[in-house]
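The values are calculated or read from the model by the stated rules, or taken from the named source; none is laboratory data. Because the structure is predicted, anything quoted here is derived from the model rather than measured. All Cβ positions, glycine included, derive from the backbone under ideal geometry; neighbour counts span all protein chains shown. Accessible surface areas use protein heavy atoms only, side chains included; no ligands, DNA or RNA. Shrake-Rupley method; radii C 1.70, N 1.55, O 1.52, S 1.80 Å.
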Amino acid sequence: MIKVSPSILSADFSNIAAGIKEIELSGADMVHMDVMDGMFVPNITFGQPMVAAVRKMTKLPLDVHLMIERPERYIEEFADAGADIIVAHVEATKHIHRVLQQIRLTGKKPGLALNPGTPIEVCFGLLNYVEMVLIMSVNPGFGGQKFIPESLIKARKLRDYSGNDLDIQFDGGVSSKNAKEIIAAGVNVLVSGSAFFNAPDKKAEVRALRGE
Ligand code: DX5
Ligand code: ZN
């Protein structure tokens, strides 16, 4: 079963409620929220108040992608704000193992994210502590970038190693045009920002992303 997680980074920030409605009506599985701090990545987006606001708008799971330095400073706050999955970058902390346990302690699902330059093997010893591995298929920071095809090699390696229980998410440059090869590489959770919000028929886009 392929899950689709549209990213509100590409939604109209002056009307997030409308963006969330579009995600709900499209039949997508969750809402991807890109938190950026201007330090870990060059861009700044939003923080826990936005997660709390979106929490009031939908019952869909909130998939919160933390692109912030030292995420250990804010895990409990994002949990309290209503995140369901909290994803931390291995490159953003000296102690990713501890951060994953910190997320688990809040009762939320821990996810681990890897930049394109980070070898996939870094997550092999951490799989018992995560529900999902997010493989960045662009450099984090912006929507609408070009897909990095070498990410597919990382997905194949991870799926071979992990077996079928792990959620493997791709984030960046994903669309209905490349979804098929991404899914064939073992990925089962697709983030889609610009492709989803630019699609005239969002229901059809979600179906196409799932390969239906
Ligand atoms: C990039 C973000 C992505 C972004 C994807 O740093 O993590 O979630 O929204 O946008 P698209 O799908 O346009 O590449
Ligand atoms: Zn993201």
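Does Pro42 satisfy the criteria of being in contact (Cβ under 8 Å) with a residue 60 or more places away in the chain and open to solvent by 40 Å² or more (accessible area, probe 1.4 Å)?
Numbers: in contact (Cβ under 8 Å) with a residue 60 or more places away in the chain: yes; open to solvent by 40 Å² or more (accessible area, probe 1.4 Å): yes.
Here the answer is yes, as Pro42 does meet what is asked.
Being more than 21 Å from Pro110 (Cβ to Cβ) and either polar (S, T, N, Q) or in contact (Cβ under 8 Å) with a residue 24 or more places away in the chain (or both), is that true of even one residue in segment 28-38? It would help to see each step written out before you state the result.
We begin by selecting, within segment 28-38, every residue more than 21 Å from Pro110 (Cβ to Cβ); these are 28, 38.
From the residues that got through so far, the ones that are either polar (S, T, N, Q) or in contact (Cβ under 8 Å) with a residue 24 or more places away in the chain (or both) too are 28.
Among the residues of segment 28-38, at least one is more than 21 Å from Pro110 (Cβ to Cβ) and either polar (S, T, N, Q) or in contact (Cβ under 8 Å) with a residue 24 or more places away in the chain (or both), which makes the answer yes.
Could you run through segment 91-124 and say how many residues are under 15 Å from Tyr161 (Cβ atoms) and open to solvent by less than 60 Å² (accessible area, probe 1.4 Å)?
Just the residues of segment 91-124 that are under 15 Å from Tyr161 (Cβ atoms), to begin with: 112, 114, 119-124.
Next, only the ones that are open to solvent by less than 60 Å² (accessible area, probe 1.4 Å) stay: 112, 114, 120, 123-124.
Count: 5.
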**OP:** Can you tell me which residue within segment 125-149, out of those that are more than 18 Å from Lys177 (Cα to Cα) and within 14 Å of ligand 2 (Cβ to nearest atom), is surrounded by the fewest Cβ atoms within 10 Å (Cβ to Cβ)?
**Re:** Asn139
**OP:** Looking only at segment 170-184, count how many residues are surrounded by 19 or more Cβ atoms within 10 Å (Cβ to Cβ) and more than 11 Å from ligand 2 (Cβ to nearest atom).
**Re:** 5
**OP:** From the list Ala53, Ala28, pick out the single residue that is on the phi < 0 side of the Ramachandran plot and assigned to a helix (DSSP H, G or I).
**Re:** Ala53
Original post:
Taking segment 159-182 only, how many residues are hydroxyl-bearing (Ser, Thr, Tyr) and not in a loop (DSSP other than H, G, I, E, B)?
Top reply: 2
Original post:
With respect to Val35, is the statement that it is closer than 22 Å to Gly173 by Cβ and part of a loop (DSSP other than H, G, I, E, B) true?
Top reply: no
**OP:** Could you check how many residues of segment 49-62 are touching a residue at least 12 places away in the same chain (Cβ under 8 Å), out of contact with any Leu (no Cβ under 9 Å at 6 or more places or on another chain) and either open to solvent by less than 60 Å² (accessible area, probe 1.4 Å) or within 25 Å of Phe170 (Cβ to Cβ) (or both)?
**Re:** 7
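Check whether at least one residue in segment 194-207 is basic (Lys, Arg), open to solvent by 40 Å² or more (accessible area, probe 1.4 Å) and assigned to a loop (DSSP other than H, G, I, E, B), and report yes or no.
Of all residues in segment 194-207, those basic (Lys, Arg) come to 202-203, 207.
Among the residues that remain, those that are also open to solvent by 40 Å² or more (accessible area, probe 1.4 Å) are: 203, 207.
Now restrict to residues that are assigned to a loop (DSSP other than H, G, I, E, B): none.
No, because not a single residue in segment 194-207 is basic (Lys, Arg), open to solvent by 40 Å² or more (accessible area, probe 1.4 Å) and assigned to a loop (DSSP other than H, G, I, E, B).
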